[in-house]
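Nothing in this text is a laboratory measurement; each read-out follows from the coordinates by a stated rule. The shown structure was predicted, so the numbers you read here are calculated from the model rather than taken from an experiment. Cβ placement follows ideal geometry from the backbone for every residue including glycine, while neighbour counts extend to all protein chains displayed.
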Amino acid sequence: MSGLSPSDLDLASKAPLFSGVERADLAALLSGSNTVSYARQTLIFSQGDKADRFFIILDGQVNLYAMTKTGQQSIIEVFSAVTTFAEAAIFSPGEFPLNCEVLGGTRLIHVPAPSFLKHLSQNPHLAMILLKGLARWQARMTEEIAQIKSRSPAQRLASFLLTFAPENTKQARLRLPLTKVTLASRIGIAPESLSRALARMKSVGVESRGRDIIITDREALRRFLHEGGN
């Protein structure tokens, strides 16, 4: 665990929540924060724990999940660098609503709630800037939920893959950032449905080799997403 370096602060400034925040204000907001590196997969908080801090991802991946009645993990959100998470929890009711684990190789900034909230109370204009960032995140989540409910399993998978495929290339080889079981949970389908979705997407040039995904025609995959896949 260590304090923030200038390069850490530079990275943190790229998080959408802090868009429009001046560097001096950001440094004050993050006063008392520390960076923590995780060599292996680690549970960093559980549902119901006191929300005494929030986090900024500098490197790696974070999974937020709920536990089902059968004791299985249901992935709610997957975060990667550079973004914030759990910031809403430091406000009412002050408890983390989900469980959170980080993958090995992840580096986080832990932002203590007391100093962060104190600085906000002294600078209302900053509170408005951050509220706009939270509103953008909520709008994205609402849109994503609506899309998930209206799309077939294959379309959900196509949408996920397109977020990782480079924009200006026809072909791409991707390494899935999470296991297939986790991916199925992330996009709201059963693992067997994911296998069927991968099989049917061979017709648009998508091949699966373990966690490696080969996309031979990005535009064909995009058309599949918007025109079919039911």
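Add +1 for every Lys or Arg and -1 for every Asp or Glu among the other residues with Cβ under 15 Å from the Cβ of Ser80, and state the total. Walk me through the numbers before you get to the answer.
Numbers: positive: Lys14, Arg107, Arg140, Arg175, Arg186; negative: Asp59, Glu77, Glu101.
Here the count lands on +2.
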Sequence-distant aspartates and glutamates (8 or more away, or on other chains) whose Cα lies within less than 18 Å of Lys202: Glu192, Asp212, Asp217, Glu219, Glu227
Within a Gaussian network of the chain (alpha carbon springs, distance under 10 Å), most fluctuating of Pro93, Pro112, Pro153: Pro93
Charged-residue dipole, Cβ positions (Lys, Arg, Asp, Glu), segment 6-149 about Cα centre, Debye nearest 20: 120
Estimated FRET transfer efficiency (Asp212, Asp52; beta-carbon r; R0 41 Å; 0.05): 0.55
Candidate lysines for bridging to Lys14, where Cα separation is under 23 Å - those fewer than 8 sequence places away on the same chain excluded: Lys118, Lys132
Angle between the chain longest axis and helix 218-227 axis [Cα atoms, degrees, rounded to 10]: 90
Choice from Ala24, Ala190, Ala165 with maximal GNM fluctuation in the chain (Cα, 10 Å cutoff): Ala24
Computed FRET value (nearest 0.05) for Ala199 with Glu219, which takes r as the C-beta separation and R₀ as 25 Å: 0.75
Amide H contacts under 5 Å for Ile76, placed H, 5+ residues apart: Leu64, Tyr65, Ala66
Cα pair distances in segment 151-227, grouped into 5 Å bins until the bin that holds the longest one, percent each: 3, 17, 32, 29, 16, 3, 0
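For segment 26-162, compute Rg over Rh where Rg is the Cα radius of gyration and Rh is the Kirkwood radius from the inverse mean 1/r over Cα pairs. Walk me through the numbers on the way to the answer.
Numbers: Rg = 16.2 Å, Rh = 16.4 Å.
Reported Rg/Rh (Cα atoms, Kirkwood Rh): 0.99.
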Helix axis angle, 191-200 relative to the chain longest principal axis, alpha carbon, degrees: 50
Residue among Gly133, Gly60, Gly205 with the largest mean-square fluctuation in a Gaussian network model of the chain, springs linking Cα atoms under 10 Å: Gly205
Charge sum, other residues only, whose C-beta stays under 13 Å from Thr106's C-beta, Lys/Arg counted +1 and Asp/Glu -1: 0
Charge dipole (the chain, unit charges on Cβ, about Cα centre) - positive-most of Gly105, His125, Ala146: Ala146
Percentage, to the nearest whole number, of Cα pairs in segment 1-82 over 19 Å apart: 47
